[in-house]
Amino acid sequence: MRMLRWFCGHTRRDRVRNEVIRDRVGVAPIEEKLTQYRLRWFGYVRRRPPEVPVRNGVLERVDNVKRGRGRPKLTWDESVKRDLKDWNISKEIALDRSAWRLAINVHEP
């Protein structure tokens, strides 16, 4: 946002909202772009063969480790499930790369 403000010639002191600056420059919200990149990686992992380490669970967290007290950390799997539900996308589409790219694409305003 600092760079976008600099593009527009505004400072924080001008009290111009972030949404206004993003619309003026033509940039999508950062949350949507992060979700898009997370889902793009998910599609890549889904298309990999089952014997690859990233697919067969070698890189997943170990379940027998005692976790700390309090709220559990948000895992990558849980965040992907939430993103798929929020965007109303089925994970079977990930097997078709072109359809998946169209489904997760965030258009710039």
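Checking (i) 78, 23, 16; (ii) 46, 29, 20; (iii) 53, 42, 22 against Cα extents along the principal axes in Å calculated from these atoms, the matching label is (iii). At a Cα cut-off below 24 Å, give the lysines reachable from residue 66, other chains included and same-chain residues fewer than 8 away excluded. Answer for residue 66, where 24 Å is the Cα cut-off: 81, listed by chain and number.
In the chain, helices alone account for a calculated mean residue ellipticity at 222 nm of -15000 deg cm²/dmol, with every DSSP H run of four or more residues adding -39,500 (n - 2.57). Charged neighbours of residue 12, selected by a Cβ distance under 13 Å, balance to +4 (K, R count +1; D, E count -1).
Where a number appears in this text, it was derived from the coordinates with a stated rule and is not lab data. Since the structure is predicted, the reported quantities are computational estimates derived from the model, not experimental observations. A quick note on method: Cβ atoms are made from the backbone with ideal geometry, for glycine too, and the neighbour counts reach across all protein chains shown.
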